[in-house]
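Take a look at the structure set out below.
Each value in this text was obtained by applying a stated rule to the coordinates, not by laboratory testing. Keep in mind that this is a model prediction, so the values were computed, not measured.
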Amino acid sequence: MEKNKLRHFKDLLLKEREEVLNTLKNRGENEFSTNLKDEIDELSMYDNHPGDIGTETFQMEMKYALETHEKEELKNVEEALKKIDKGGYGICEFCGTSILKERLEFLPSAKLCSKCADKRLNINEIHNDRPVEEEVLFPPFGRTNTDLDDSIVYDGEDAWQEIQQHSTSSDIDALDDEDRGIVEKIEEISNEDYKKQLPD
């Protein structure tokens, strides 16, 4: 890469580093500390509503995530500046080809060319980001549903039906396909039906 282009990208990186450092400084001065008790300014957190503590905790975690992102960006900028000094700037770390100037204009601290960056994103999409447990627990109550075995054991579906009794949502009732409290067909016979069958 020509010296004037390297100088241009070095200026972009130095400007970006200054912005990141200012952002980190402003966040440190104006946002939450790392101690929740100090932020709430009370002797005890026990008398606070859990929703209030949840809000404070969420804001602290968000601050931590943003700060971590900024520090990662600062690290990438510092690495790019070192590459300029050592002569390896603008080369993809994965395939070794030159990174397009347009990409470097947009993201001066880029480590990968566009093709390698796309491949890296596709690998993450394949995994779907779903918990492994879902493969084992499918279908719902699959491990604990014993209705098909003519069993009268209290199973996972029965537990779900008990929970439904206390629900206020009409959508959950639509899922119920069994009479509540009945295990065997003989239990459906009422006392009136039984009395009708007795001789007078």
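Stretched out fully, how many nm does the piece from Phe106 to Phe58 gain, at 0.36 nm a residue minus the Cα gap?
On the way: separation 48, 0.36 × 48 = 17.28 nm, distance 3.17 nm.
Result for the pair: 14.1 nm of gain on full extension.
Could you pull out every residue, at least 5 positions away or on a different chain, whose amide H is within less than 5 Å of the one on Ile91? Hs are placed 1.01 Å off N in the peptide plane, and Pro or chain starts have none.
Those qualifying (amide H under 5 Å, at least 5 residues apart or on another chain) are Ile99.
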